[in-house]
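Asks: This is the structure, below, for whatever I ask next.
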Amino acid sequence: MSRLEAKKPPLFISEPLTRDAVSQSLSLLSGILKSSYGPAGRLKQLHNGVGGCVCTTSQSSAVLGHLSTSQPVLRVLTASVQNHVSRFSDCGLFTAILCCGFIENFRSLNVAPFTIIKISKHLLSLCMDHLKSEACGCRVSVDFGSVETLVCLVRSILTSKPACMLNKTEVDHLTTLVLKAFIFTIPCHVQTNAVLGKCMIVPVKGRRVVDSTVLPGLLIEMPEFQLGKPLAVKRTGSNTIKTALFSVSMSGDGFNAEEGTIAVHHGVSLEMSELNQLLNVGKQLVKDEVGLVLCQKVMHPSLKQYLKENGVIAVDRAGLSLMEPLGCMTGSQPIASIHSLSPACYGSLKDLCLESFASKHFLHLIAEDTVICSLILCNRSETAWDELKRVCETAEHVLQLTMKEPLALLGGGCTETHLASYIRHKSSTLPDSTFKDLDCSQTQYQLVADRFCRSLESVAHSLSHDDGEILIDMVYGHCWFVPSGSPCVSKWSDLVSKCGCGMNGNTEDLSWRFLQGQSGSPVVQGCPQEPSVKVTDLLTLDCFAAKCSGLQVALETANLILDLSYIIEDQN
């Protein structure tokens, strides 16, 4: 008999943020994330200790997904950021770095956590009100009637991940393809509850990025098809191709012994009975003039041969991921049983053809009016392709979010420094009634506001990885990056040409200050002005919805962690 151990009492950890282990882990996580941030971010190579695939990346979804931590505080932080990324796909590193910054800056204050949380929530509301106002100087309207702003938005996403290994020509080519693919997913006939379509990414590894292309419709890899042979397909009287979509297995092994017991008469073959039923389905499909049969799972070879002999193209092993776009494109209703076949479930296609790309052969499904397209995505190596796929999916999602809310925010650190400048000005002009409502002193409010601004500025500072100086202009509140190793000059305008987002040049007579780090005296800042020019050819932009959400998630998560007084761990 095995020995029984006495149940251990739970472990109580009081004031977890004061523990050295938590502080060190938080500092380490912050350093990993900051070093990954931006177009010049350092790459991380992720692998386990027993072999397996190696992932080279700087994306938050990959980095946080591979990190394991024993600290409950960090698990709360990473789970919160991962939830944000699952909803918006973008601004994961921004959210995580800002959250770490809030925690590190707020916990050193000699102010009660409850007071810090109240003040920081008020500061967040000031930020959100400013971002949503027409007078906001870091907000850009997106006009879907022209492509200039959309190009800037997509290009900013593609260039933010150096592991994609893209040069300028490749970035321009992919920007065009991503925008073209997105336009394919927009319905031509707008309805009250119109739904955007889907772009399916087709992998081709080992080829040049500029070989990538996008096609309307759906590509299904079909190695057994041979090019050069005409594609004979049965058509209806209206010259369309009737389609049937099966979500059930058609392999002939429909009976599962785990589901119960079945009685079989002597001399009756269960397998032959199942095959006869499949062939009856095939005869019905031929009779109904179906020209294309698509099956999510495996199809019996005899059924495939029968359909082929009768001019019906059969495609099996389509997979779950293709079922939704296939149904959307053809109008077919997935058929879940081989024992009931309704003609109402059939859909239609305009045409079918064969496409060849690299060494792969595809069946190209073309609909009359489709919101489904296929992006044939190429890259030289598997690691670079995996990173590029994630980036293209992010770009597509960001465009969808931007269509719902046609706004963008300035990138390159300028939104963060602009907001910090705005908060510094706004917090110094608040009426006394505000402090009374928050039940805090003006000194406490100014202390928290200063740390709030330092946290925002630390995100902009994370974009620099070569120890160069970072400046903030005193007019617009934008950040400017001075190249590392630059000589000492009397005028900073001799060393900087454009701000981080690319909106402002050094032609104006601007005054600058250094972007302060974690220490230094509070800065007196005037209200940042709105630039007169709104869009340039090389503007760096961020997704408005994703960044606004990231700002809120970062502060809410930091406040949750700051409010922790005990952690109770089960030791059994």
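The values are calculated or read from the model by the stated rules, or taken from the named source; none is laboratory data. Just so it is clear, the structure is predicted and the values come from calculations on it, not from any experiment. Heads up, the Cβs are rebuilt from the backbone with ideal geometry, glycines too, and the neighbour counts pull from every protein chain shown. We work out accessible area using only protein heavy atoms, side chains counted, and drop any ligands, DNA or RNA first. Shrake-Rupley method; radii C 1.70, N 1.55, O 1.52, S 1.80 Å.
Asks: Could you list, in sequence order, all residues of the stretch 177-210 that are without any contact (Cβ under 8 Å) to a residue 24 or more places away in the chain and assigned to a helix (DSSP H, G or I)?
Replies: If the condition is that a residue be without any contact (Cβ under 8 Å) to a residue 24 or more places away in the chain and assigned to a helix (DSSP H, G or I), then ILE183 is the only one that fits.
Asks: Same structure again: Go through the residues of the stretch 444-465 one by one and say whether even a single one is open to solvent by 60 Å² or more (accessible area, probe 1.4 Å) and hydroxyl-bearing (Ser, Thr, Tyr).
Replies: There is no residue in the stretch 444-465 that is open to solvent by 60 Å² or more (accessible area, probe 1.4 Å) and hydroxyl-bearing (Ser, Thr, Tyr).
Asks: LEU419 versus (1) closer than 27 Å to LYS34 by Cβ; (2) of a type in the set (A, V, I, L, M); (3) surrounded by fewer than 17 Cβ atoms within 10 Å (Cβ to Cβ): which is the lone unmet condition?
Replies: Failing condition for LEU419: (3).
Asks: Using beta carbons and a limit of 6 Å, which pairs, at least six apart or on different chains, have the first residue in the stretch 12-31 and under 13 Å from PRO72 (Cβ atoms) and open to solvent by 30 Å² or more (accessible area, probe 1.4 Å) and the second one in a helix (DSSP H, G or I) and modelled with pLDDT of 90 or more?
Replies: From the stretch 12-31, the pairs are SER25/LEU74.
Asks: Continuing with the same structure: I need the full set of residues from the stretch 210-225 which are out of contact with any helix residue (DSSP H, G or I) (no Cβ under 9 Å at 6 or more places or on another chain) and open to solvent by 50 Å² or more (accessible area, probe 1.4 Å), in order please.
Replies: Once the filter is applied, which keeps residues that are out of contact with any helix residue (DSSP H, G or I) (no Cβ under 9 Å at 6 or more places or on another chain) and open to solvent by 50 Å² or more (accessible area, probe 1.4 Å), the stretch 210-225 yields GLU221, PRO223, GLU224.
Asks: Being loosely packed, with under 14 Cβ neighbours inside 10 Å and touching a residue at least 24 places away in the same chain (Cβ under 8 Å) is the filter here; which residues of the stretch 41-54 pass it?
Replies: Selection gives ARG42, VAL54.
Asks: All but one of (1) in contact with a Lys or Arg (Cβ under 7 Å, 6 or more places away or on another chain); (2) closer than 20 Å to SER462 by Cα; (3) open to solvent by 30 Å² or more (accessible area, probe 1.4 Å); (4) of a type outside the set (Phe, Trp, Tyr) hold for THR57; state the number of the condition that does not hold.
Replies: Unmet for THR57, out of (1) in contact with a Lys or Arg (Cβ under 7 Å, 6 or more places away or on another chain); (2) closer than 20 Å to SER462 by Cα; (3) open to solvent by 30 Å² or more (accessible area, probe 1.4 Å); (4) of a type outside the set (Phe, Trp, Tyr): (3).
Asks: Still on this structure: Within the stretch 319-338, how many residues turn out to be modelled with pLDDT under 90 and in contact with a helix residue (DSSP H, G or I) (Cβ under 7 Å, 6 or more places away or on another chain)?
Replies: So the answer is 1.
Asks: Does ARG380 count as on the phi > 0 side of the Ramachandran plot and basic (Lys, Arg)?
Replies: Against the criterion (on the phi > 0 side of the Ramachandran plot and basic (Lys, Arg)), ARG380 does not qualify.
Asks: How many residues are modelled with pLDDT of 80 or more and touching a Pro at 6+ places or on another chain (Cβ under 9 Å) if we restrict to the stretch 1-28?
Replies: The total comes to 1.
Asks: Select, from ARG235, ARG207, ARG139, the only residue that is within 30 Å of THR417 (Cβ to Cβ), open to solvent by 10 Å² or more (accessible area, probe 1.4 Å), at pLDDT below 95 and in contact with a strand residue (DSSP E or B) (Cβ under 7 Å, 6 or more places away or on another chain).
Replies: The match here is ARG139.
Asks: Now a separate question. Would you please name the residue that is surrounded by the most Cβ atoms within 10 Å (Cβ to Cβ), looking only at residues in the stretch 93-130 that are part of a helix (DSSP H, G or I) and among the charged types (D, E, K, R)? Spell out the reasoning first.
Replies: First, pick out the residues of the stretch 93-130 that are part of a helix (DSSP H, G or I): 93-106, 113-130.
Pick out the ones that are also among the charged types (D, E, K, R) and you get 104, 118, 121, 129.
Working: GLU104: 20, LYS118: 18, LYS121: 14, ASP129: 11.
Checked the stretch 93-130; the qualifying residue surrounded by the most Cβ atoms within 10 Å (Cβ to Cβ) is GLU104.
Asks: Within the stretch 482-522, take every residue that is modelled with pLDDT of 75 or more and of a type in the set (A, V, I, L, M) and give me the one that is most open to solvent (accessible area, probe 1.4 Å).
Replies: LEU495
Asks: If I ask for residues that are surrounded by 15 or more Cβ atoms within 10 Å (Cβ to Cβ) and either of a type in the set (Lys, Arg) or more than 25 Å from SER359 (Cα to Cα) (or both), which ones from the stretch 184-204 would you list?
Replies: Passing the criteria: PHE184, THR185, ILE186, LEU196, GLY197, LYS198.
Asks: Another question about this same structure. Considering only residues that are outside any loop (DSSP other than H, G, I, E, B) and among the charged types (D, E, K, R), look in the stretch 238-259 and name the one that is modelled with the highest pLDDT.
Replies: LYS242
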